[in-house]
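Below: one structure, written as structure tokens.
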Amino acid sequence: MPGAEGYAVDLRSEAEVRALFGKIGALDPHVYTAGEELLMSSLPGLDLAKARAFFELRYWGALGAVKAAAPRLAKDGSIVLTSGTAALRPPPGFLIGSSICAAMEAATRNPEELFKRADAALYDAKQAGRNRVVEDAVA
């Protein structure tokens with residue numbers, strides 16, 4: 001993109017993230033991408049300490065960047081967080097990645113709408129009989 005600039009920052013440090021956006025000033029759009037290697041593991045081999053650290057960076061790091069960027073957006077600007085398909089159809093070994101993507105997806109949803117959809121799915125399952133799971137279509 002012509003005129004685009006790129007920066008790297010340790011997203012585990014809220015102070016560094018704030019300082020970076022203070023240096024950048026106004027912006028539109030804000031694009032966030034993670035550069036570290038993905039943590040691939042199945043549940044039996046999962047190292048919980050590594051998983052927590054990965055979640056800390058990938059989820060909380062992204063939210064921290066959004067928090068720091070939001071006051072500097074153009075008046076009609078926006079920030080979009082996406083999860084890709086990993087939250088819905090994760091490949092084998094993508095347990096932590098899909099968990100983070102699902103959490104990120106949920107962070108962008110309107111809570112009232114989520115409760116309405118969950119309530120509707122609950123009643124659909126109840127009407128279908130005992131021991132049912134009803135999947136809500138992704139909007």
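The numbers here are math on the coordinates, done by the rules we state, and not lab data. The shown structure was predicted, so the numbers you read here are calculated from the model rather than taken from an experiment. Because the Cβ atoms are built from the backbone with ideal geometry, glycine has one as well, and the counts that use them run over all protein chains shown.
Quick notes
- Stretch gain in nm, segment ALA102-TRP60, where the contour uses 0.36 nm per residue and the Cα spacing is subtracted: 13.8 nm
- Summarising the label geometry, the points placed 7 Å from Cα in the beta-carbon direction at ALA70 and LEU48 lie 3.1 nm from one another.
- Label-point gap, in nm, between ALA118 and MET40 - each point 7 angstrom along Cα→Cβ: 3.3 nm
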